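Novice: Sharing a structure with you now.
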Amino acid sequence: MHLFVELLTLLFFLATVAHAVWWRGKSGAGLLGALLFRGFVRENVVILRQFLYGFGPLTLMLGKAPLIASIIWGYSLPRGGLGGDPDGESLEDRRPSAKLLALAALFMMALAGFYEPFLKLIDMARWQPGTRTTLDVPLDYLAGYLSLTVSFLLLWCGLMRRPPGVARTALLLLGLTFLALLHVVGLQSLKDLLKW
């Protein structure tokens, strides 16, 4: 069962990559590459530090973390409005509007309401003991989906307004690494502080 879900998610991710490249060219490929890199760093920190959750036995791995955990953000975030602002302007042209940030964050929080109970049902994700939930969605995950979506959008849009080149790519990789680390440690700290 797990392998089927892993392969299906990989297929959806590859379809999303193909669509992003077809629709937006290099910018679309860059966006999905950035999301994959951030997912890779974030999920490997989760596993190596034993923060937030663990995973059931999975087959496809990227580093120490399951591939599905690294790519799910890359599949989900573009569906949450990352193609551009609701008024049609691309993300590279300006700062994201408050409307886009709010809609993308709400979409991702709603998606948590689907993902997390499903992952629990098939024993793919295993929350830390004592994790507080609402309707089988951990409270810290709602904060996590929201904060990671908004922070990624702000970082991506801020850096995409810089001239392309090695410096922008280096800043993006460093920024994504810092964002992933800060997100995992910050969310675990919030969870511990609030006893979630």
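The values are calculated or read from the model by the stated rules, or taken from the named source; none is laboratory data. Worth saying up front: this structure is predicted, and the values here are computed from it rather than measured. All Cβ positions, glycine included, derive from the backbone under ideal geometry; neighbour counts span all protein chains shown.
Novice: Under the condition of being among the β-branched types (V, I, T) and assigned to a strand (DSSP E or B), which residue from the stretch 125-150 is nearest to L111 (Cα to Cα)?
Specialist: V137
Novice: Within the set of pairs 6+ apart or on separate chains, which have a first residue in the stretch 145-170 that is farther than 20 Å from S70 by Cα and modelled with pLDDT under 90, a second that is in a helix (DSSP H, G or I) and charged (D, E, K, R), and C-beta atoms under 9 Å apart?
Specialist: Once the first residue is farther than 20 Å from S70 by Cα and modelled with pLDDT under 90 and sits in the stretch 145-170, its partners that are in a helix (DSSP H, G or I) and charged (D, E, K, R) give M160/R168; R162/R168; P164/K26.
Novice: A follow-up question, please. Being charged (D, E, K, R) and under 21 Å from G74 (Cα atoms) is the filter here; which residues of the stretch 127-149 pass it?
Specialist: D140
Novice: For A112, are the conditions met, namely being aliphatic (A, V, I, L, M), surrounded by fewer than 16 Cβ atoms within 10 Å (Cβ to Cβ) and modelled with pLDDT of 85 or more?
Specialist: For A112, the condition - aliphatic (A, V, I, L, M), surrounded by fewer than 16 Cβ atoms within 10 Å (Cβ to Cβ) and modelled with pLDDT of 85 or more - is not met.
Novice: Could you please find all residues in the stretch 174-193 being over 14 Å from the mean Cα position of the chain (by Cα) and among the hydroxyl-bearing types (S, T, Y)?
Specialist: Scanning the stretch 174-193 gives a single hit, S189.
Novice: Which condition breaks for G158 when tested against (1) surrounded by fewer than 19 Cβ atoms within 10 Å (Cβ to Cβ); (2) touching a Ser or Thr at 6+ places or on another chain (Cβ under 8 Å)?
Specialist: Just one mismatch for G158, condition (2).
Novice: If G30 passes every condition in (1) crowded, with 19+ Cβ neighbours inside 10 Å; (2) of a type outside the set (V, I, T); (3) modelled with pLDDT of 85 or more; (4) under 28 Å from Q188 (Cβ atoms) but one, which one does it miss?
Specialist: Among (1) crowded, with 19+ Cβ neighbours inside 10 Å; (2) of a type outside the set (V, I, T); (3) modelled with pLDDT of 85 or more; (4) under 28 Å from Q188 (Cβ atoms), the lone unmet condition for G30 is (4).
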